[in-house]
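Below is one structure, written out as structure tokens; comments come after it.
The values are calculated or read from the model by the stated rules, or taken from the named source; none is laboratory data. All of these numbers come straight from a predicted model, not from anything done at the bench. Backbone-built Cβ (ideal geometry, glycine too); neighbour counts: all protein chains shown. SASA here: full protein model, heavy atoms, side chains in, ligands and nucleic acids out. Shrake-Rupley method; radii C 1.70, N 1.55, O 1.52, S 1.80 Å.
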Amino acid sequence: CLLHCFLFLAVFGRAIHAIARIGDEFWFDPLEKGLALRSVNSSRSAYAYVFFSSMFFQHYCCTAVSEPCGKEKQLPLPCKLVIKAVLPVFRCANVLERNVEKCSISSSPGEQHMSFQLLCRHGVVKTYNLTCQECDPLQAVFAKHMCPNILRVHSRLLAEVMVHFPTSQEEITLSVTPMKVCFKSYTEEDTDFSRTMITEIHLSPEEFDYFQVGVDSEVTFCLKELRGLLAFSEATGVPVSIHLDRCGKPVAFSVEDVVLESSFILATLCEPEGAASQQLCCPQQRHRNPRRDGNAPSTGLAKPASPLAEQGEKRIPRAGDRDVTGGAGSAGGEAAEAPSQKGSNINTHILHLWLLTSGNICVFQFHSLFFGAVSYKEKDPMAPTFQSLATASDTEESSQG
Amino acid sequence: MRFRAKIVDLACLNHFSRVINTIAKLAKTCTLRLTVWKLYFILSDKVANGGASMWCELCQGNFFDEFQMEGVAAEHNEIYLELVPENLSRALKTAQNAKAVKIKLTNKHCPCLRVAVELPSLSSSSRIVTHDIPVRVIPRRIWNDFREPRVPDFDVSIYLPVLKTMKSVVERMKNLSNFIVIEANLSGEMNLKIETDLVSVTTHFKDLRNPPWVSEDACQSSAQDRDLESMAEARIDIKKLQQLLAGQQVNPTKALCNIVSKRIVHFILLHEDVSLQYFIPALA
């Protein structure tokens with residue numbers, strides 16, 4: 001199914017920009033049904049996922065090729081690209097719409113680079129050959145449907161809410177009850193109130209397209225990481241769904257429509273004081289705030305868990321729950337990884353990501369995908385055309401980049 | 001000590017926001033003095049400000065629909081607060097289409113000015129945004145530090161040229177030098193000069209008028225006896241001048257400056273319901 005829409009190029013560009021807010025690298029994961037882009041931040045407390053179904057593209061083809069010696073077909077491995085290298089390709093979404101007629105992305109087996117080619121007006125062709133690295137897949141496990149609280153709202157509303165917070169605002173707290181929803185600047189016990197301006201916004205449930213609150217909850221997450229998704233959803237015009245649970249459990253912001261879906265899953269802060277139920281929701285680990293310190297302790301990394309064991313698990317898999325007393329005083333236990341930050345008594349729940357490790361390398365051949373511009377007149381013949389494009393990008397030197 | 005005020009008129013709100021934006025450009029921290037009839041934004045000339053000082057006066061009746069103030073004591077019915085005007089500016093920035101804005105002095109974790117903005121929403125109940133701006137209550141014993149500055153014994157008083165023109169000239173000069181010399185005479189001529197090792201640039205303005213000051217006592221006599229062509233000059237920090245000009249979002253009704261040769265330049269910008277005085281000391 002071929003879909004023409006030059007608008008979609010801008011949407012794709014905005015998706016890249018949204019993901020750029022999360023981490024320095026992203027996973028480019030071509031699947032049979034479509035293309036997935038994923039990223040995770042260095043402290044593993046934020047995960048972004050954007051999936052474009054094959055219908056989104058004018059032409060999409062991705063096949064896995066079995067090894068010549070007849071081993072079983074494996075899923076193609078994704079590759080990792082540096083965000084900074086890709087951003088210039090999709091620099092200005094508006095400019096993209098006007099000047100670029102087509103964009104093609106291709107890669108070949110054995111190549112260490114991916115080729116992004118923009119066919120612009122007046123016969124100008126821009127080719128970007130970007131180094132990529134095959135790598136293990138990345139996937140976060142988050143059972144959205146298990147969340148007791150689900151809100152859906154138009155992205156315009158969220159943008160109107162977030163505009164009241166300064167761009168420097170790191171964390172905000174979202175609290176929901178069946179009667180109201182409140183976004184406010186995050187404050188902790190040792191916040192210096194005499195120096196901090198605190199902003200709070202109250203919304204009534206009527207403002208939401210869908211409002212289900214099963215459990216009163218208050219979650220604190222990083223606003224900076226979310227802003228990318230907000231901009232992206234405004235571009236797509238798709239409403240944003242918010243899935244949240246008690247504090248400490250991740251909160252998910254997602255958009256979904258026929259041709260694309262995206263989720264940004266953010267870890268939330270967990271206060272040390274609280275009911276015993278806190279023990280369930282997060283490991284009592286002391287960390288520096290992952291957002292403020294990119295070099296978060298290595299407990300953030302998940303140990304590769306067997307995927308089968310995790311199926312059916314309702315909780316987010318955690319790497320090594322520690323049995324530590326919470327509270328302000330217990331800097332001691334984890335001081336090894338997190339030298340005490342003065343006065344910090346916030347325990348952070350880290351999203352533990354389930355890493356699929358597949359021991360076998362597979363040869364994968366990824367054919368080109370195309371975005372078409374509405375103005376593009378020629379019919380695009382199938383295999384022969386993209387074969388030649390793939391060939392062209394193989395032989396072209398990087399002097400074109 | 002109590003303070004509550006409310007603005008419901010959008011034009012008043014925008015006007016008030018503009019005043020706050022101007023103040024925010026001039027001072028990182030300043031003093032807000034509340035009296036029954038007026039509000040004052042004051043910056044006193046401490047070394048930390050680079051010696052610059054500011055006095056801005058508004059009639060509360062021109063902005064607020066409701067205004068209730070009870071000062072620290074019956075015979076001292078005023079409140080002095082120290083705050084960061086940028087915070088207030090930010091709080092008002094997104095209130096452009098508000099139904100109402102309420103400001104209240106509260107003391108939850110610490111003394112704050114709580115700005116509550118009621119915004120229209122799609123549902124029947126409004127959206128409420130509150131901003132708690134931390135303030136420091138200034139004790140009565142140091143209120144004397146914040147008295148209205150006297151008009152200095154100036155050598156020349158002259159109306160400023162069109163602010164937009166002056167602003168663009170000063171902005172370009174700022175790229176070349178850190179200091180600027182303002183000189184003017186009683187014949188309506190003003191020069192803005194910069195001089196560096198590589199270049200000197202002078203912009204000449206003429207046919208500006210000189211405001212007639214009524215001398216209440218003999219203090220203006222030095223100006224009256226003065227040679228009309230003789231220039232009074234002062235070398236000041238160009239950034240301070242640029243901040244003053246950049247902060248003007250609306251053309252004032254009257255804009256003038258008084259120059260005390262080699263000592264200080266006193267700017268007066270008058271709007272219908274706001275007056276702003278800004279003092280920039282001269283540097284060697």
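Where in chain B lies the longest segment free of GluC sites (Glu not before Pro) that are both loop residues by DSSP (not H, G, I, E, B) and have at most 12 other Cβ atoms within 10 Å? If you can, show how the numbers build up before the last one.
Values: sites that count: B:GLU75, B:GLU216, B:GLU229, B:GLU272.
For GluC sites (Glu not before Pro) (loop position, at most 12 other Cβ atoms within 10 Å), the longest site-free span of chain B is B:76-215.
Across the alpha-carbon atoms of chain B, the computed radius of gyration and Dmax are 20.7, 70 angstrom.
Shielding by partners for peptide B:130-138, expressed as the average number of C-beta atoms from other protein chains within 10 Å of each residue's C-beta, is 4. Here's the picture: a label point sits 7 Å out from the Cα of A:TYR210 along the beta-carbon direction, and within the range A:233-247 the residues with their amide nitrogen under 14 Å of it are A:238-244.
Summing both sides, the accessible surface hidden between A and B at a 1.4 Å probe radius is close to 1700 Å².
Kindly sort B:TRP213, A:TRP27, B:TRP37 by accessible area of their heavy atoms, largest first, with the probe set to 1.4 Å. Spell out each step's value before the answer.
On the way: B:TRP213 90, A:TRP27 25, B:TRP37 185 Å².
Reading off the accessible areas and sorting them downward yields B:TRP37, B:TRP213, A:TRP27.
Pairing the Cα long axis of helix B:163-174 with the longest principal axis of chain B, what angle in degrees results, from 0 to 90 and rounded to the nearest 10? Around 70 degrees separate the two axes. Principal-axis analysis of the Cα atoms of chain B puts helix B:10-26 at an angle of about 50° to the longest axis. Measuring nothing but how far apart in sequence close Cα pairs (under 8 Å, 6+ apart) lie, relative to its length, chain B scores a relative contact order of 19 percent. At full extension, B:ASP273 and B:CYS59 could sit 76.4 nm farther apart than now, given 0.36 nm per residue minus the alpha carbon distance.
Classify the range B:1-46 as rounded, prolate or oblate, taking a ≥ b ≥ c as the square roots of the eigenvalues of its Cα gyration tensor: rounded when a/c is under 1.5, otherwise prolate if a/b is larger than b/c and oblate if not. List each step's numbers first, then the result.
Working: a/c = 2.74, a/b = 1.26, b/c = 2.17.
Here the range B:1-46 falls in the oblate category.
Evaluated with a Cβ-only charge set (Lys, Arg +1; Asp, Glu -1), the range A:144-266 carries a dipole of roughly 140 debye about its Cα centre, given to the nearest 20. Extents of the range B:139-284, largest first, come to 49, 41, 32 Å (Cα atoms, principal axes, whole angstrom).
Pairs with C-alpha atoms separated by more than 23 Å, drawn from the list B:LYS46/B:LYS164; B:LYS25/B:LYS167; A:LYS180/A:LYS249; A:LYS184/B:LYS99; A:LYS184/A:LYS249; A:LYS33/A:LYS102, are B:LYS46/B:LYS164. Take each residue of peptide A:187-196, count the partner chain Cβ atoms within 10 Å of its Cβ, and average: the result is 3. Classify the range A:157-217 as rounded, prolate or oblate from the Cα gyration tensor: take a ≥ b ≥ c as the square roots of its eigenvalues, call it rounded if a/c is under 1.5, otherwise prolate when a/b beats b/c and oblate if not. Verdict is oblate for the range A:157-217.
When chain B is treated as a Gaussian network with alpha carbon springs shorter than 10 Å, the biggest mean-square fluctuation among B:LEU43, B:LEU270, B:LEU176 belongs to B:LEU176. For the range A:144-266, the relative contact order comes to 33 percent (Cα pairs under 8 Å, sequence separation of at least 6). Scanning chain B for trypsin sites (Lys or Arg not before Pro) in DSSP loops with at most 13 neighbouring Cβ atoms within 10 Å leaves B:47-107 as the longest stretch between them. The distance between label points at B:LEU228 and A:ARG195 comes to 5.8 nm (points 7 Å beyond Cα on the Cα→Cβ vector).
Shape of the range B:32-99 from its Cα gyration tensor (a ≥ b ≥ c, root eigenvalues): rounded if a/c is under 1.5, otherwise prolate when a/b > b/c, or oblate?
Details: a/c = 2.15, a/b = 1.10, b/c = 1.95.
Note, shape of the range B:32-99 comes out oblate.
Which of the residue pairs B:LYS93/B:LYS239; B:LYS28/B:LYS93; A:LYS84/A:LYS144 have a Cα-Cα distance greater than 21 Å in the structure shown?
Numbers: B:LYS93/B:LYS239 25 Å; B:LYS28/B:LYS93 17 Å; A:LYS84/A:LYS144 31 Å.
Table pairs above 21 Å Cα-Cα are B:LYS93/B:LYS239; A:LYS84/A:LYS144.
Spacing of the modelled spin labels on A:LYS33 and B:THR106, each 7 Å from Cα toward Cβ, amounts to 4.8 nm.
When only Cα pairs below 8 angstrom with a gap of at least 6 residues are kept, the range B:2-145 shows a relative contact order of 26 percent.
Evaluate peptide A:152-165: per residue, the Cβ atoms of other protein chains within 10 Å of its Cβ; return the mean as an integer.
Details: counts 0, 0, 1, 0, 0, 3, 0, 0, 5, 2, 0, 3, 11, 4.
Per residue, the number of nearby Cβ atoms from other chains is 2 on average.
Rolling a 1.4 Å probe over the heavy atoms of the protein chains gives chain B an accessible area of 49 Å² per residue. Projecting the Cα atoms of B:LEU198, B:GLN68, B:THR35 onto the charge dipole of chain B (Cβ charges, centred on the Cα centre) puts B:GLN68 farthest toward the positive pole.
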